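The values are calculated or read from the model by the stated rules, or taken from the named source; none is laboratory data. As the structure is a prediction and not an experimental result, all values here were calculated from the model. Neighbour counts are summed over all protein chains in view; Cβ atoms, including those assigned to glycine, are modelled from backbone coordinates with ideal geometry.
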Amino acid sequence: MFESLSERLGGVFDRLTKQGALSEDDVRTALREVRVALLEADVSLPVARDFVKAVEKKATGQAVTKSVTPGQQVVKIVHDELIGVLAGEGDPGSLRIDNAPAPILMVGLQGSGKTTTTAKLAKRLKDREKKKVLMASLDVNRPAAMEQLQILGTQIGVDTLPIVKGEDPVAIARRAKTQASLGGYDVYMLDTAGRLHIDQELIAQAAAVRDAVNPRETLLVVDGLTGQDAVNVATEFDDKIGVSGVVLTRMDGDGRGGAALSMRAITGKPIRFVGLGEKMDALETFEPERVAGRILGMGDIVALVEKAQATLEQEQAERMMKRFQKGQFNMNDLKMQLEQMMKMGGMEGMLAMMPGAAKMQKQMEGSGIDDRMLRQQVALINSMTKKERANPQILQASRKKRIAAGAGMEVSELNKLLKMQRQMADMMKKMGKMGKGGALKQAMR
Ligand code: GDP
């Protein structure tokens, strides 16, 4: 799926191959084409506009890491932003089906794949969640639709409510509820009637059924191939009936992926599942990462940029190590270390990872160094001027007083911090002398 969009974006990004920081021009040129590509993929105009704006803000001025091109970097930013737009909260695949029997209402236009999806979902609940499921068709105008559900039920081993001629949809829904309670079912799924277009009768019927059973989930099934129309249908169903999630069908086709992107942004409704074929197990939980990857068709580039970013961090670490080897360990370095420690679970966790630091670890033991203390130490460093951080040896009594006051602490605390910095500088120097591949280098890994 999404082939046309990914191909288009591919062409756009191939053109961006210069190295260096992403310039405004680079980004703007690329994004103008991204916007056209999104519109051609049937993403709605406001969604495309917002999307491009967000990417532009993130991309402009961002340093391009060594081993990737600006184009590749933009792909990564577009990819991350796509995930941001597509993702909802929580797990899309987990349905609210506690309090058995839980009613699930299936709504949608005729031909959207509603009946097929009802059966697919029933099979999924049965196989994966070991639920006992009952299905009922409410499509009283189309006996063939009722039979279709029955046939699918037999095929997947899920019970269907016996068909009673002449019953209205609300009566069928009530009977399904009773049967589900009596029969010890976990879930009962109501496959409502579909029409070719949304009309008043369709909405009134679905609303009446909704009021009769009070569904835990109302899932709207829409044809993913219909692009912007799918979004309009979703907006209208949600306004009139209220839906808790969307299932996009026919995402196996070579349609334009715009519907998925606009759906979440415009309706605010999460996409819960995607239909990927006619077979009964061709239903998958909606995964934003996968869909974003498919839209771009550039998963390998995303991985490459991630790797390059890791390399950049490694380069920074190596640069730092070179300074340490010369005994250059100032307050900026200490601050970075302290913040790192907060992330890694305190001083002990950090020291435990550094060979040769056992002695220092002993000194720290029982000294009560915890997160609060780390935060106070960072506050003291923040209270220093740039010059003071780079050359802590210039700190005399008046400067110390000012710094401590600025952090709301005593000068004695600052003295402890200074002592720690000197010890660390010493230690780094000694470890640095162990040479390349020595203890320090290993510790930085
Ligand atoms: P309903 O009228 O909304 O109940 O639609 P149906 O469930 O009868 O589906 C209409 C047609 O679409 C059937 O031939 C299904 O096999 C097919 N269909 C449903 N979902 C998918 C899907 O995800 N991919 C593909 N390729 N076909 C699907």
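Need at least 3 residues that are of a type in the set (S, T, N, Q) per element, so show me which helices (runs of 4 or more DSSP H) inside region 167-248 make the cut, counting only ones lying wholly within it.
Of the helices (runs of 4 or more DSSP H) lying wholly inside region 167-248, those with at least 3 residues that are of a type in the set (S, T, N, Q) span 169-182, 228-240.
Please find, within region 169-194, the residue that is nearest to the chain's Cα centre (by Cα) out of those that are away from the ligand (no atom under 16 Å from the Cβ) and among the polar types (S, T, N, Q). So, considering only residues that are away from the ligand (no atom under 16 Å from the Cβ) and among the polar types (S, T, N, Q), the one nearest to the chain's Cα centre (by Cα) is Ser181.
Just to be sure, is Pro92 of a type outside the set (D, E, K, R), within 27 Å of Ile203 (Cβ to Cβ) and not in a helix (DSSP H, G or I)? Yes, satisfied. The residue of region 191-206 that is farthest from Asn232 (Cα to Cα), among those that are small (Gly, Ala, Ser) and touching a helix residue (DSSP H, G or I) at 6+ places or on another chain (Cβ under 7 Å), is Ala193. Of the helices (runs of 4 or more DSSP H) lying entirely inside region 351-445, not one is found with 3 or more residues being on the phi > 0 side of the Ramachandran plot, at pLDDT below 55 and outside the structural domain of Lys335 (by TED's automatic domain parsing).
What about Gly242, is it under 21 Å from the mean Cα position of the chain (by Cα) and away from the ligand (no atom under 16 Å from the Cβ)?
no
Output the qualifying pairs, or none if there are none: Cβ atoms under 8 angstrom, residues six or more apart or on different chains, first residue in region 197-220 and farther than 22 Å from Pro92 by Cα, second residue small (Gly, Ala, Ser) and part of a strand (DSSP E or B). The qualifying pairs do not exist here.
Scanning region 118-168 for residues that are away from the ligand (no atom under 16 Å from the Cβ), of a type outside the set (Asp, Glu) and crowded, with 17+ Cβ neighbours inside 10 Å yields Leu125, Lys126, Lys131, Lys132, Val133, Leu134, Leu161. Within 15 Å of the ligand (Cβ to nearest atom), surrounded by fewer than 21 Cβ atoms within 10 Å (Cβ to Cβ) and assigned to a loop (DSSP other than H, G, I, E, B): does that describe Gln110? Criteria met by Gln110.
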